[in-house]
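Contents: one structure, followed by commentary.
The values are calculated or read from the model by the stated rules, or taken from the named source; none is laboratory data. Everything quoted here is computed from the prediction, not taken from an experiment. Here the Cβ positions follow ideal geometry from the backbone for every residue, glycine too, while neighbour counts run over all protein chains shown.
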């Protein structure tokens, strides 16, 4: 089985790593001891986590499988599994970020060196997760467009109209 590596995904991953590294380095002094900024990050990721749970529930619905035989459903289930896995990883990224913020609050002003590094790590993860989150609306729209196309195809087949593709 040949694995095709998507150059766009590699470029995007490199961009995310660079932006997150730069962001965590530049933003750390602004976040240190700034409870308002920390609360904003916690609020944003709490909201995004809830939104992502809703997306996972929508994607995981068995009605998302393409109509037709079991082979077609199996192929569709592999695509859905890949989407669910990506969304699950993003959800874990949100939770790890929130956990590190919690740990940061606990060690604040107690272990200075550790405090700085925890802040840098959760800022790195925050920037990464935030950038990845920009893809959520298009992912949801793509899913709904696939469902619409599937419904149109089913109705065409029910009326005896055969697609050429």
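Key figures
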item	result
Checking residue 1 against (1) at pLDDT below 85; (2) in a helix (DSSP H, G or I), the condition it does not meet	(2)
Checking residue 124 against (1) farther than 21 Å from residue 27 by Cβ; (2) surrounded by 15 or more Cβ atoms within 10 Å (Cβ to Cβ); (3) at pLDDT 85 or above, the condition it does not meet	(1)
Filtered residue count, the range 27-53, keeping only those that are loosely packed, with under 11 Cβ neighbours inside 10 Å and touching a residue at least 40 places away in the same chain (Cβ under 8 Å)	0
Hey, residue 143 surrounded by 11 or more Cβ atoms within 10 Å (Cβ to Cβ) and over 29 Å from residue 25 (Cβ atoms) or not	yes
